[in-house]
1. When the residues of region 105-142 are narrowed to those that are among the β-branched types (V, I, T), at pLDDT 95 or above and not in a loop (DSSP other than H, G, I, E, B), which ends up nearest to L23 (Cα to Cα)?
2. Out of all the residues in region 309-337, which are of a type outside the set (A, V, I, L, M, F, W, C) and over 26 Å from L351 (Cβ atoms)?
3. What are the pairs, 6+ residues apart or on separate chains, where a residue within region 260-277 that is under 15 Å from T315 (Cα atoms) has its Cβ under 9 Å from a residue that is open to solvent by 40 Å² or more (accessible area, probe 1.4 Å) and among the acidic types (D, E)?
4. Do we find a residue being touching a His at 6+ places or on another chain (Cβ under 8 Å), in a loop (DSSP other than H, G, I, E, B) and either among the aliphatic types (A, V, I, L, M) or at pLDDT 95 or above (or both) anywhere in region 264-273?
5. Right, L66: under 25 Å from D122 (Cβ atoms), assigned to a helix (DSSP H, G or I) and touching a residue at least 60 places away in the same chain (Cβ under 8 Å) or not?
6. How many residues, within region 59-75, are open to solvent by 10 Å² or more (accessible area, probe 1.4 Å), among the small types (G, A, S) and on the phi < 0 side of the Ramachandran plot?
7. Among the residues that make up region 287-308, is at least one of them in a helix (DSSP H, G or I), of a type in the set (A, V, I, L, M) and closer than 23 Å to L351 by Cα?
8. Among strands (runs of 3 or more DSSP E) lying entirely in region 311-392, which contain 2 or more residues that are more than 23 Å from P100 (Cβ to Cβ) and either within 18 Å of the chain's Cα centre (by Cα) or not β-branched (V, I, T) (or both)?
Amino acid sequence: MSVVEIVNCRYHGSMARFLYSTLFYLLQPLVLARLAWRSLRAPDYRRRVCERYGRGGEFHSGGIWLHAVSVGETIASVPLVKALQQAYPDLPLMVTTTTPTGSVQVQRIFAGSVDHVYAPYDLPGSAGHFIDRLQPCLFIIMETELWPNLIHACSTRNIPVIVANARLSERSARGYARLPGLVRPMMSAISTVAVQTAVERDRFVELGVQPERAVVCGSIKFDIEIDAAEREQASQRKKQWSLMQRPVWIAASTHEGEDAIVLAAHKQLLSQYPNALLILVPRHPERFDQVANLCAQEAMTVTRRSSEDLITERTQVLLGDTMGELLALYGLAQMAFIGGSLQGNGGHNMLEAAAWGLPILSGPDVFNFQEISDRLVAAGAMTIVADATEMAATVISWTEDAAAAAQAGTAAAELLAANRGAGDKLLSLIGNYLD
């Protein structure tokens, strides 16, 4: 890139970012109205609003700042956070999120060992004020939560920015490409992008990341491991709830519209196996009551996990309406359907189920996890289903053929084990800026 091109890029980038920031400021009344609207179903949205503008919260300065948007990114960050704490025990660690559910996960998982507030909105004043208070030595963004003003504020303060476990679908790349004046300067300011696949590396480079700064590390989601204590707890709970002799399957991280499909499939399973149990875990807590009502409308006998009631032989659906228990609930099931994949949401992480050695079902909409999905299907670990009929047929087939189900589950676990190690590569990249 010539000097003239660099100057033009910076000029047009500054103008694009100015227009973007102005629009974002003008939209703040709508942003606050949206928070208020969401708080009607999830009251946590009305709390700690000042943190979203870079104010409030108590924390240590001068350490590492890691941003995880919500639940999925927070869980994915766990191995990395623990590795950073071990490698750099003297550096404070701030973990920010955007959603209340992500905030709950941070506080539950890390139990006060990290600082935590909501990330500031991508407004120049809010971003700059927060960064000046925090004074991080390094900013790590989990996956692809890219904000022009936050990255620009770090760049002007010589704070390295690393995008960790980065993923970029073809659809997202097309969206970014429509705003080159805003996106290219932002991408060029990123210090390192640790991408999951070579295809995604090429997409980042096309959008403006310097080629030598884009490194293929794989996905740190492969680094998940179920320890002996978690497996023992699952075994004890199965005995306590008399699940050993029952067909049990889990539908995890379901979105609106998917619960009805899952329940229809469960009805077909119940017609052949009356003692079958479905563990149904909606993605968003504000939908817990709605899904409970849907189960009642379908004449299903439901036990809500939050009630702490004992699961009995009459229980047809266990509604996972608590936070932070999804990984443990996988341990009770014999197979898993991964939600967000039937209604165009792009799917959710399948590897938590793989870590338990479960055979996996998914809908066809998996663009957020396309390569992982393709690998699982190719290995015979995952089956794609399009509707309740196909879902029920697969669940019934695996229930009738335990050997086939076990083979698929083993394939999932083996694929996971074969692809571990991304966390070590990522930690080495991070060390270049901290050591």
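The values are calculated or read from the model by the stated rules, or taken from the named source; none is laboratory data. Please read all numbers here as calculations on a predicted model, not as lab measurements. Counting neighbours? That spans all protein chains shown, and the Cβs are built from the backbone with ideal geometry, glycine included. All accessible areas refer to the heavy atoms of the entire protein, side chains included, with ligands and DNA or RNA removed. Shrake-Rupley method; radii C 1.70, N 1.55, O 1.52, S 1.80 Å.
1. I131
2. Of everything in region 309-337, those that are of a type outside the set (A, V, I, L, M, F, W, C) and over 26 Å from L351 (Cβ atoms) turn out to be D309, T312, E313, R314, T315, Q316.
3. Qualifying pairs under 9 Å: L263/E298; H266/E298; K267/E298; N275/E313.
4. Within region 264-273, none of the residues are touching a His at 6+ places or on another chain (Cβ under 8 Å), in a loop (DSSP other than H, G, I, E, B) and either among the aliphatic types (A, V, I, L, M) or at pLDDT 95 or above (or both).
5. When the stated conditions are applied, L66 does not pass them.
6. Going through region 59-75 one residue at a time, the tally reaches 3.
7. No, there is no match, as no residue in region 287-308 is in a helix (DSSP H, G or I), of a type in the set (A, V, I, L, M) and closer than 23 Å to L351 by Cα.
8. The qualifying strands (runs of 3 or more DSSP E) are 335-338, 360-362.
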